[in-house]
Structures are given as structure tokens and as C-alpha cells.
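Reading through the C-alpha cells given below for one structure.
The values are calculated or read from the model by the stated rules, or taken from the named source; none is laboratory data. Just so we're clear, the structure is a prediction, and the values are computed from it rather than from any experiment. FYI the Cβ positions are ideal-geometry reconstructions off the backbone, even for glycines, and counts take in every protein chain you see. What goes into the accessible areas is simple: the full protein's heavy atoms, side chains included, and nothing from ligands, DNA or RNA. Shrake-Rupley method; radii C 1.70, N 1.55, O 1.52, S 1.80 Å.
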Amino acid sequence: MGRNKVEMETPEAAGSLAESLFSFMQRGIIPEFANGKGLPELITNFGPSSQYFAPACVIWLASCYMFARTVGKRFEWTSIQVLQVYRSMQCMLFASMGVFSMGVIYGQGGSLSAQCNDDVFIAAIINFFFWYFVADLFIMVVLLQHWRMDLLFHHGVALTGISSLILNNLYPCASAPVAVTELISLFSGVESMLPPPKVWTRGESHVFYVIRSYRLAVLVLARPFLWQHVRLSASTATSSLQAATYMLPGTLLQVLDIMWSWKILQSLFPGTFGKAKKVATSESSVNLAQAVKRSSTLEKQVSANGKAH
């Protein structure tokens, strides 16, 4: 009898717990539901088109950077290591949003080269991308004075394209695969923790080669197809300026990917892809040795002539 009594009271206890949680959400956590509003109204009030989205992005980015700095002080990271860890955190978020959005679009039978004006996730990706690149440029240039030209070019092209999309109220579905391209920086924070190559242990050397091989695979096997969706979005443009908004970033950033791929190949296989540099270095070394030899011979002749006199 006692056992049956417990079993009969369990559903009632669960029901009262659910009711108390729901009432707590109504009073404090999600007050919009207290007035009978649902998820569409919640997205409208706090989504990418609301006045709260931009401050939320700035607060999130600043909090992530300050968190990385706090942890960096504990483990004595350099400023560049803190920046790379901060980037890895954001790129993980971007890639997750991109994969999720691509799955939703494919599930609905849509095309990644079309327009997704009613997709709240695409709008969130575009607006968050804008604030991420602005914050990254501010940290890199103003706070750290880290003038890395390839990243300045990358961020400049990206910000120009994103600003054009926002000003023209365009929401291409290709924003989802663009977010997935950030997979390249997923392990940048780990790579930045490695010591200089001269003092690598066997394990650290393996970590370097695994991370660089992963980045090369993303550059060669994934990103060309993802950038293709950006260029194909030009078919939905209503003017040549809108078409350029898709064609220029989709082309210039892929050219930058080719340069990055070559640099990674040189770092992975210096004996094969670094021959030109090695030959130039050896030739300059030979020329320097010959110049030093001629200079020493001349000095000996001058000293011999001085002794003769």
C-alpha cells in the first residue's frame, strides 16, 4: 500500500514542480510569456532586428575577451595568445551557427544561393559577423597595435561586404556557409600556445603538424565550395552593385585562402615547398662568405705592405 501511495503521488509532485517552474518563468525569466506572447514575439523583441541585439553582441565579445585576458594572466599568456584564444571561442560559435542554419535550410528544401529574408538565424549571423570584425580590428590595431596585413585585408573586405548587405537589407542564405568557413581558426588558440620551433618536444611537433594539417584541409577541401555559394548568390542580385557585393568578397577571400594554403605547405614541408627560400639563403651565405674572405685577404696585403715599409 505504501508503495502504491508513492507511485500515485509522483505525477502530482511532478505536475506541481512544472507549474511552479512555469510561474517562475512568467514572473521573472521570460516576462513576455506572462502577457500571452510566444516565441515569434520574443524573437521580434530580442532578435537581430531589435535595438538590443547590437549591445548584446558588444557585451558578449567584451566579456569573452576579458575572460581570455583573466585566464591569460593566470597562465602568463602573451597578448597575441589571448587574442587567438578569444578568436577560437568566437569561431566555434560561428561554425555552430553556420552548420545549424545550413541544416535548417536544407531541411526546408531551400538553396544556399538564395535569399533568406525571413530567417532569423541568417540575420543573426550577418549582424554578429559585423560586430565581431569591428571588435577584432579594435583589439588588434588599437589595443595591441598588431599590424598583420593579411588579416587587415581579410577584415576590410569582409566588413565592406557585410556593411553593403546590411545597408541594402540583404540576407543571403550563403551567410551560413560563410560562418562555417571560420572552422579554420578553431584551434588557433591551441597553436598559439606552442613554444618556438627550436625548443619543440616530439609531442609539441606532432600537435603543430596536426593543427596545420587540419587548417590546410579546411582551406583546400571545404572553403572553396563554401565560397562558391557566395558567388552564386549574385544570381539573385537586382543590380550590378549588389552582384559585386557577392562576387568580390567571394573571389578576393578565396585568393587569400590560396596564399594561406601556400604558407601552411611551406611550414609543413619546408624541404619541398621552401626550396626557393633555401636556395636564396644559401646563395646569400656563399656571397657573404666570399666577401668576408676577400676583405680578410685585402687586410693581410695592407698589413704586409705596411711592414715592408
Using only the Cα atoms of region 83-194, what semi-axes does the equivalent ellipsoid have when each is the square root of 5 times a gyration tensor eigenvalue? Give whole Å, largest first. 27, 17, 10
Å² per residue, accessible surface of region 118-200 at 1.4 Å: 45 Å²
Heavy-atom accessible area of K263 with all protein chains present, probe 1.4 Å, nearest 10 Å²? 110 Å²
Accessible-area order for V82, V199, V134, largest to smallest, probe 1.4 angstrom, reads V199, V134, V82
Answer in debye to the nearest 20: the dipole magnitude of region 163-249 about its Cα centre, from +1 Lys/Arg and -1 Asp/Glu charges placed on Cβ, is 220 debye
Using a 1.4 angstrom probe on the protein heavy atoms only, line up I122, I166 by accessible area, largest first. I166, I122
Cα-only radius of gyration and Dmax that characterise region 147-188, units Å: 12.2, 34
Accessible area of F121 in the full protein assembly, 1.4 Å probe (Å², nearest 10): 90 Å²
Collect residues whose amide H, placed 1.01 Å from N in the peptide plane, falls under 5 Å from the amide H of Y171; neighbours closer than 5 in sequence don't count. C116
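Sorted by accessible area with a 1.4 angstrom probe, largest first, how do L167, L61 fall?
L167, L61
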Hey, if you put +1 on the Cβ of every Lys and Arg and -1 on every Asp and Glu Cβ in region 59-152, which of W147, V71, V99 ends up farthest toward the positive end of that dipole? V71
